1. If Tyr192 passes every condition in (1) touching a Lys or Arg at 6+ places or on another chain (Cβ under 6 Å); (2) at pLDDT 95 or above but one, which one does it miss?
2. So, Phe289, is that one surrounded by 14 or more Cβ atoms within 10 Å (Cβ to Cβ) and in contact with a strand residue (DSSP E or B) (Cβ under 7 Å, 6 or more places away or on another chain) or not?
3. Which condition number in (1) in the same structural domain as Pro107 (by TED's automatic domain parsing); (2) in contact with a Leu (Cβ under 6 Å, 6 or more places away or on another chain); (3) hydrophobic (A, V, I, L, M, F, W, C) is the one that Phe195 fails?
4. I'm checking my understanding of the structure. Among residues of region 139-178 that are touching a Phe, Trp or Tyr at 6+ places or on another chain (Cβ under 6 Å) and farther than 22 Å from Asn263 by Cβ, which one is surrounded by the most Cβ atoms within 10 Å (Cβ to Cβ)?
5. Report every pair of residues separated by at least 6 positions or lying on different chains whose Cβ atoms are under 6 Å apart, first residue within region 269-292 and within 17 Å of Val139 (Cα to Cα), second assigned to a loop (DSSP other than H, G, I, E, B) and not aromatic (Phe, Trp, Tyr).
6. If you take the residues in region 222-276 that are modelled with pLDDT under 90 and of a type in the set (Ser, Thr, Tyr), which one is farthest from Leu197 (Cα to Cα)?
Amino acid sequence: MPPAPASEGSTALVRAYKIWQGSNIFVLHGRLIFGPDARSIWLTLLMMVAPVAVFCVFVAGKLMNDFPHRWGISIMVFAIVLSLANLIFLLLTSTRDPGIVPRNSRPPETEDHLDDENSQSEAVHNSRTRYRRTKEVYVNGMPVQVKYCETCMLYRPPRCSHCSICDNCVERFDHHCPWVGQCIGARNYRFYFLFVLSATILCIYVFAFCWVYVVRIMHGEETTVWKALIKTPASIVLIIYSFLLVWFVGGLTVFHSCLISRNQTTYENFRALYERQANPYNKGVIGNFKEVFLSSVPPSKNNFRAKIRKEPDFPSRRVNGNGSYIINDLSSGKTTSDIEMGMKPLASSWEEFGGELGREAEDDLSSGHIIKVVSALGVAGEYGEQMCDANVVSEEPEREAFPPKGSQGDSRSETQ
């Protein structure tokens, strides 16, 4: 039953997924979460289902009576079971929270502020607030550098990275897979590996039994392999298709098996993070495989169906590459750009920004110009963290909402 409408002056209750700040797509009222490229799953499903259907009809169906004791039926049954397992692993990978770290609505109040004037000056040009870009934490007695995320306004946990496609910080970030339309992280990595592993086995299975069928035609009609292939064009298509596809999914299976044995992620491997230092997460080959497949899946830190109140907050503004001011559109959950895209903020703190905003608005109102501040609203999550968004729109498009008061230098980019 829907909640009663809030009285005038109060804020309404909304589902968290409706004002989610990432780029995700939600289905079934927030029960399933996909990446922004979720449509690619249909192509993946087509590439899975169509070959199996052809195999069952034109190959397995013909082999059902060629083996004694009804062993021929098991050929089709195993193909269907393997395909269903492959489909389940795909859905478990694509439809669940991969390990998203809830973003903050304000920078954290920690001891990581920069206190000396030189450090503060550098931080103002490199961060929305005066926070160190990195700090050192210890994992299994080894120092590890963690970064401050401008978009999520938090220090990322170890092995966490911000996905530029989904616009979320993801724990144990591996990569973003367009074939499953989702980030691969702490909560769905094992299902992703099982998906590519089952796809590899299915390709080998189809490839092998297509040749079995061709050989039986050769022996039954006492003909050559080429004439036998001509008699079963479906087998020719499936042999070529499975042969080509097995190099892709098989290569992924071997690659991720090597990564699991060393307890590395794809992101860490491509950045060669452990070439000059020991891997603090390595527990040995057996321990690493146990961690991936036998440990419990960590619970999600987000409740997308939770009813939360929307609260207004200040918009933020930044400076683009040529020194002019731009407004961050937080209503979509993303800033126009952030430090990872090569942008630099102007205000050195939220308090300073709030004062500047008030003064700018006063000046514009006194001069007859109207600025509409459309506040959209923050989300208070399960852990007391909030997501907020706001838009500032000027009625005069040819005039910058906040004219520059000083020059800003070059923009500096950061790799994740």
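1. The failed condition is (1).
2. no
3. Among (1) in the same structural domain as Pro107 (by TED's automatic domain parsing); (2) in contact with a Leu (Cβ under 6 Å, 6 or more places away or on another chain); (3) hydrophobic (A, V, I, L, M, F, W, C), Phe195 violates only (1).
4. This residue is Tyr148.
5. Final answer for the pair search is Pro280/Asn140; Tyr281/Asn263; Asn282/Asn263; Asn288/Asn263.
6. Thr223
The values are calculated or read from the model by the stated rules, or taken from the named source; none is laboratory data. Predicted model only: the values in this text are computed from it and were never measured. Here Cβ is always computed from backbone atoms with ideal geometry, including for glycine, and neighbour counts include all displayed protein chains.
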